[in-house]
Amino acid sequence: MAANNSTQLDPKKTLQEIEEKFEMFQILNEEGTIVNEEANPNLSDEELVELMSRMVYTRILDQRSISLNRQGRLGFYAPTAGQEASQLASQFALEKEDFILPGYRDVPQIVWHGLPLWQAFLFSRGHFMGNQIPEGVNVFPPQIIIGAQFIQAAGVALGMQKRGKKAIAITYTGDGGSSQGDFYEGINFAGAFRVPAVFIVQNNQYAISTPRELQTAAKTIAQKGIAAGIPSVLVDGMDPLAVYAVTKDARDRAINGEGPTLIETVCYRYGPHTMAGDDPTRYRTSETDSAWEKRDPLVRFRTYLEGKGLWNEEKEAEVIEKAKEEIKDAIKKADSAPKQKVTDLINIMYDENPYNLDEQLAYYTEKESK
């Protein structure tokens, strides 16, 4: 019989000790008050206003995109309202040379990183021009395969490391994506090679209709990075200052050769998973929605900036009007794109076509000429 002493094996205690170390990092609370002044990032007044402007703009973009989808003028669309701080404050901490590998909900980040909005609309429609990234814009097309971007980001970051680039690869997925095999393979590879990558899991509480607590027994998603030997952070994903601070810190460490970081941003999506038939009222209560609405990233950041005399209704109205005009122009430009043809897809697939595609190209060239 095993001896009952202080060195007795206790794996449950070890797990509990690890989980208890993951406390929620927050700077700006739900009332718009700074609660962690020492961690407050050194953002200028102009930068604070710019970040708020992007968040307001993106909320309008989300509303218009939902409307356009219902009108049949957009195709696939995943709503973003509620995740503006998680998405935009993390992108705000990047430099132009950094690469973003987005999931399908992460269109706002790549738009603010340089992808023209009209091309983002074409991506939603499934048009190949939506994936023709302009030169100098360091983004990948949004990944539809859940979690696959984590493996890709590890590879991109390794390439940067090999070339001596002072830049990072950053990628995003949801809490559902953290249950995929690609998630584990990506962070394990990145940790083993100490590549300059930042992995962000936007824990918006649901993988479509599956609540986060039914996906994993882990108390946090952040703690999963520990198994890969990489620093991991749990952050209030509806606090833009906290998200910016942890992303900036992760980026700085990555370019200094300290390897990757896993960041879990705890947030909420106010709308459905996508506009393809999901009904969140079937698996979420109005009480839950109301509780999260009180944590709205725009409300708390607005309150904070108004208290500093940096924001008011007039300024917000200007941003909203600008967003509406630019969205109107972008959808008009997307509408003017040439109709996609089968021959277009074949011609851009390979530098030199295999014989079977040459046969198909000849067939569709003749068919489209009639």
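The values are calculated or read from the model by the stated rules, or taken from the named source; none is laboratory data. Worth saying up front: this structure is predicted, and the values here are computed from it rather than measured. Here the Cβ positions follow ideal geometry from the backbone for every residue, glycine too, while neighbour counts run over all protein chains shown.
Just one of the listed residues (Thr265, Thr247, Thr210, Thr261) is surrounded by fewer than 24 Cβ atoms within 10 Å (Cβ to Cβ) and closer than 22 Å to Tyr184 by Cα, and it is Thr210.
Among the residues of this structure, Tyr270 does not count as one that is hydroxyl-bearing (Ser, Thr, Tyr) and more than 14 Å from Gln205 (Cβ to Cβ). The condition of being assigned by TED's automatic domain parsing to the domain that holds Asp98 and over 22 Å from the mean Cα position of the chain (by Cα) holds for Ala217.
Just so you know, in region 213-233 the residues that are within 13 Å of Asp175 (Cβ to Cβ) and hydrophobic (A, V, I, L, M, F, W, C) include one that is surrounded by the fewest Cβ atoms within 10 Å (Cβ to Cβ), and it is Leu214. Listed by first and then second residue, the pairs linking a residue in region 333-350 that is over 19 Å from Trp118 (Cβ atoms) to a residue that is not charged (D, E, K, R), with Cβ atoms under 6 Å apart and 6 or more places separating them unless they lie on different chains, are Val342/Tyr364; Thr343/Tyr364; Thr343/Thr365; Ile346/Leu357; Ile346/Leu361. In region 330-340, how many are part of a helix (DSSP H, G or I) and either surrounded by 14 or more Cβ atoms within 10 Å (Cβ to Cβ) or of a type in the set (Lys, Arg) (or both)? Of the residues in that region, 5 qualify. Out of curiosity, is Glu293 within 22 Å of the chain's Cα centre (by Cα) and surrounded by fewer than 15 Cβ atoms within 10 Å (Cβ to Cβ)? Criteria met by Glu293. The criterion of being among the β-branched types (Val, Ile, Thr) and either without any contact (Cβ under 8 Å) to a residue 40 or more places away in the chain or within 22 Å of Ile144 (Cβ to Cβ) (or both) holds for Thr281.
May I ask you to list the residues in region 1-41 that are β-branched (Val, Ile, Thr), at pLDDT below 95 and closer than 18 Å to Val235 by Cβ? Correct list: Ile18 only. The single residue among Tyr364, Tyr270, Tyr350, Tyr304 that is at pLDDT 95 or above and not assigned by TED's automatic domain parsing to the domain that holds His127 turns out to be Tyr364. When region 217-238 is limited to residues that are of a type in the set (Val, Ile, Thr) and assigned to a strand (DSSP E or B), the one that is nearest to Gly259 (Cα to Cα) turns out to be Val233.
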